[in-house]
Amino acid sequence: MEILAIECSGTSGSVALSKDSKSSIIALRPDTGSLQELAQAIEQLNPERPDFICVTAGPGSFTGIRVGLTTAKMLALAWQRPVVPVNTLEVVAHRSLQGFDCINEPSQVPTLIMPVINAYRGQVFTAAWKVVDEIGLGECVFTPQVCDAKLWQSGDLIPKGDWGSRIAVSGPGLRTYPMSAGHTITPANAFWDPRAEDVLEVGIKQWKVSGGETAANVQANYLRASAAEEKLKSTT
């Protein structure tokens with residue numbers, strides 16, 4: 001099986017190609033971003049005709065998501081293959097779990113993980129998943145949404161439940177909006193950002209359930225209108 005994964009939800013991104021259980025990964029340079037480097041990186045991976053394409057559909061950077069989705073949909077149309085759109089916050093949560101040593105330190109694995117992405121304008125994108133069997137994501141207990149950043153920092157948005165102290169808050173949004181002390185178990189900074197290899201793993205899991213979608217049916221999941229759209233609406 002051959003699978004192509006695209007991650008462009010931030011200012012740069014990455015692409016991955018899995019073929020016969022072996023993966024190749026290319027990170028896009030942050031100084032140029034997905035708009036300039038994505039096509040070249042995919043060409044360098046030299047996909048033949050992947051069985052399906054996984055791509056982050058949002059939330060995140062409007063430009064990055066548009067570029068990633070458009071590229072994935074055009075390739076899917078050319079190859080006549082399905083697309084598996086994945087939620088960026090779920091990818092961040094999956095990535096964050098890799099920061100815990102599930103074998104040697106099982107007591108440190110969280111029972112709840114709450115990823116966060118900077119949405120700018122004093123807001124964040126966030127959600128929360130249960131962690132099951134100490135190795136993977138389970139039920140989504142706080143659906144992906146846009147929230148006030150200060151409210152999120154207070155910890156009041158953490159879903160009520162028997163989580164104990166094993167709550168992990170992670171993601172690139174922490175660089176701008178760190179949560180108050182006492183609320184978090186946070187993986188290392190290196191495990192905050194979504195990567196194409198995580199899109200690949202989350203996408204495979206989703207594909208086994210849904211089989212993917214046709215390119216025409218795939219839509220972005222922005223969660224919020226862009227600044228330009230909000231400005232236009234306010235003047236009309």
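Just so it is clear, none of the values below were taken in a lab; they were calculated from the coordinates. Note that the structure is a prediction, hence the values are computed from the model and not measured. Glycine also receives a Cβ, built like all others from the backbone with ideal geometry; neighbour counts cover every protein chain displayed.
Quote the FRET efficiency, to the nearest 0.05, computed for Asp51 versus Cys140 with a Förster distance R0 of 35 Å and r equal to the Cβ-Cβ distance.
On the way: r = 26 Å, r/R0 = 0.75.
My answer for the efficiency is 0.85.
Cut-off is 10 Å between beta-carbons; in what order do Leu45, Leu112, Leu151, Leu4 appear when sorted fewest neighbours first?
Going from least to most buried by this count: Leu151, Leu45, Leu112, Leu4.
I'd like to verify something in the chain: which complete DSSP H helices, judged by Cα projection on the helix axis, reach 24 Å or more and average at least -0.5 on the Kyte-Doolittle scale? It would help to have the intermediate numbers written out before the result.
Numbers: long enough: 62-79 (25 Å, 1.00).
Sorted by number, the helices that extend far enough and score high enough are 62-79.
Could you give the nm distance between label points at Thr70 and Asn189, where each point is 7 Å from its Cα heading toward the beta carbon?
Once both label points are built, they end up 3.3 nm from each other.
Determine the shape class of the chain: with a ≥ b ≥ c the square roots of the Cα gyration tensor eigenvalues, call it rounded for a/c under 1.5, and otherwise prolate if a/b is greater than b/c, oblate otherwise.
Oblate, because a/c is 1.5 or more while a/b does not exceed b/c.
Around Gly138, which amide H atoms from residues at least 5 apart in sequence, or from another chain, sit under 5 Å from its own amide H, with H modelled in the peptide plane?
Lys130, Val131, Val132
How long is the gain from Gln40 to Gln80 if the chain were fully straight, where each residue apart is worth 0.36 nm and the alpha carbon distance is subtracted?
Separation in residues times 0.36 nm, less the Cα-Cα distance, equals 12.3 nm.
Once the other residues with Cβ under 11 Å from the Cβ of Gln123 are scored (Lys, Arg +1; Asp, Glu -1), what is the net sum?
That sum, taken over residues with Cβ under 11 Å, equals +2.
Pick from Ser23, Ser180, Ser170: which is most flexible by mean-square fluctuation in a GNM of the chain where alpha carbon atoms under 10 Å apart are linked?
Looking only at Ser23, Ser180, Ser170, the biggest GNM fluctuation is shown by Ser180.
Quick one: which residues, 5+ away or cross-chain, put their amide H under 5 Å from the amide H of Gly10? H built at 1.01 Å from N.
Amide H neighbours of Gly10: Ser61.
Starting with the highest mean, order 190-199, 68-77 by the number of other Cβ atoms within 10 Å, averaged over the residues of each peptide.
Top to bottom by mean Cβ count within 10 Å: 190-199, 68-77.
Sorting check: for 6-14, 78-86, which peptide has the highest mean count of neighbouring beta carbons within 10 Å, and how do the rest follow?
Descending packing order for the listed peptides: 6-14, 78-86.
Using r as the Cβ-Cβ distance of Ala27 and Ser226, and R0 as 35 Å, what FRET efficiency do you calculate, to the nearest 0.05?
0.85
With no solvent and one equal point scatterer placed on each C-alpha of the stretch 1-131, evaluate the Debye formula and give log10 I(q)/I(0) for q = 0.19 Å⁻¹, two decimals.
The calculated log intensity ratios at q = 0.19 Å⁻¹ are -1.09.
Quick one: which residues, 5+ away or cross-chain, put their amide H under 5 Å from the amide H of Val116? H built at 1.01 Å from N.
For Val116, whose amide H was placed from the backbone, the distant partners under 5 Å are Ser170, Gly171, Gly173.
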